[in-house]
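Trainee: A single structure is presented below for examination.
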Amino acid sequence: MATSSIIEDIKINNPKVMEEYVAALEAAEKAPIVPVQELAARRITDPAELKKIMLRGIEKWGKK
């Protein structure tokens, strides 16, 4: 597991820092998992539409 190697390398000597670290871990554990929304993307097959999009990017940056 990836997290086990991360936790093994942490050395904390200050008790206050350790309490804050544990509190942050507990808060992360209780935080709700927010699902990622799917992107509304579509495949562009029309050459004229693709050219329009590409030119818009070039004009935005002032390169022609």
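The values are calculated or read from the model by the stated rules, or taken from the named source; none is laboratory data. Predicted model, so just to flag it, every value in this text is computed and none were measured. With ideal geometry, Cβ positions are generated from the backbone for all residues, glycine too; neighbour counts draw on all protein chains shown.
Trainee: Restricting attention to region 8-38, which residues are surrounded by 10 or more Cβ atoms within 10 Å (Cβ to Cβ) and among the hydrophobic types (A, V, I, L, M, F, W, C)?
Mentor: Listed by number, the residues that qualify are I12, V17, M18, V22, A23, A24, L25.
Trainee: List the number of the failed condition for A41; all other conditions in (1) farther than 23 Å from I10 by Cα; (2) surrounded by 10 or more Cβ atoms within 10 Å (Cβ to Cβ) hold.
Mentor: (2)
Trainee: For the chain, which fully contained helices (runs of 4 or more DSSP H) count at least 3 residues that are at pLDDT 85 or above?
Mentor: By residue number, 15-30, 47-60.
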